[in-house]
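Working notes for the structure below.
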Amino acid sequence: MSRTHARTKTTWFKTTIGVVLTAVMLFPVYWMLNVSLTRDTDMRKSPPDLLPLHGTLTGYRTVLDDQLPYLETSLVIGLGTVALTVALAAPAGYALAKLRPRGGRVLSFVLLAAQMIPGIIMAMGFYAIYLQLGLLRTVPGLIVADSTLAVPFAVLIFTAFMSGIPGELLQAARTDGAGPLRTFWSIVMPMSRNAVVTVSLFAFLWSWSDFVFASTLSNGGAHEPITLGIYHYIGNNNQQWNAIMATAVLASLPAAVILVLAQRYVAAGVTAGAVKD
């Protein structure tokens with residue numbers, strides 16, 4: 001009985017520690033939501049209200065009037081980045097996993113090394129290239145730049161996942177007359193749904209939250225993402241903290257919803273290839 005009691009106490013202790021740490025990490029999110037609902041007259045109260053007892057939606061109404069173009073641009077950039085990343089990374093992952101090209105290991109090492117390059121250095125390189133090509137302050141230019149963050153990671157995910165697809169299945173498709181392209185499109189891609197969802201999620205999140213490329217390549221253009229919208233908003237409305245926090249809340253919602261809906265696919269996609277028979 002004493003051993004069971006000790007085990008129960010240990011479990012409760014660990015649970016309590018976990019809850020406390022989670023609350024500490026999520027407190028900034030709660031405070032962002034709290035401030036977004038707080039009236040301007042209550043903003044400088046000391047001590048501040050821990051709950052929006054006299055809540056207002058004025059900040060959200062202001063955001064919907066001012067920030068919708070930024071949100072729409074971010075959505076277009078995010079979806080474009082997802083499409084370009086999957087289109088480039090899925091065939092590359094299939095080739096590395098199943099076609100075994102010469103130099104495949106070197107390419108995998110290069111992809112790993114590419115993820116270590118600081119984003120600001122890549123942004124400066126893109127700036128010089130886009131200046132010559134006329135792609136500065138354009139949505140396609142930002143999509144291409146954001147894809148460079150996601151493609152190396154995506155290729156590694158696809159390679160690990162597709163390595164687990166049975167070779168006998170692909171051989172059977174070839175026996176039935178399917179070529180490499182038909183095998184990839186009709187067999188490999190449907191079986192790689194978890195990897196596709198994982199890659200799409202991370203590509204969307206990276207492009208949605210990008211600030212370095214946006215501020216370097218798109219600042220001052222007609223179409224700017226929400227990260228620049230928040231940045232400009234702080235400078236122009238630094239006294240309207242409820243509107244600033246409301247902008248942050250609305251900018252966080254799409255990423256949070258997508259992550260909740262896709263979490264089981266992400267778990268399967270990230271761990272694919274970690275265990276082999």
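How charged is the neighbourhood of LEU250? Take every other residue with its Cβ under 13 Å from the Cβ of LEU250, and add Lys/Arg as +1 and Asp/Glu as -1.
Numbers: positive: ARG61; negative: ASP65, ASP66, GLU72.
So the surrounding residues net to -2.
For labels at ARG137 and ARG102 in the simple 7 Å Cα→Cβ model, what's the distance in nm?
Between ARG137 and ARG102, the label points sit 4.8 nm apart.
Mind checking Rg over Rh on region 35-115, alpha carbons, Kirkwood formula for Rh?
My calculation of the ratio gives 1.38.
Spin-label point model (7 Å from Cα, Cβ direction): what's the ARG61 to LEU21 distance in nm?
Here the answer is 4.4 nm between the modelled labels.
Mind pulling the angle between the C-alpha long axis of helix 193-209 and the longest principal axis of the chain? Nearest 10 degrees, somewhere in 0 to 90.
40 degrees
Report the residue, chosen from SER218, SER200, SER163, that carries the largest GNM mean-square fluctuation when the chain is represented by alpha-carbon nodes joined by springs under 10 Å.
Highest fluctuation of the listed residues: SER163.
Report the extension gain between TRP12 and VAL110 in nm, rounded to one decimal, defined as 0.36 nm multiplied by the number of residues separating them, less their alpha carbon distance.
The TRP12-VAL110 span can extend by a further 30.6 nm.
Using only the alpha carbons of the chain, determine the length spanned along each of the three principal axes and report them from longest to shortest in whole angstroms.
76, 74, 31
Work the Kirkwood hydrodynamic radius out for region 1-141: mean of 1/r over every pair of different alpha-carbon atoms, inverted, in Å.
About 21.7 Å for region 1-141.
Only the coordinates and a few stated rules stand behind these numbers; no lab work does. On a predicted model such as this, the values are computed, not experimentally measured, just so you know. FYI the Cβ positions are ideal-geometry reconstructions off the backbone, even for glycines, and counts take in every protein chain you see.
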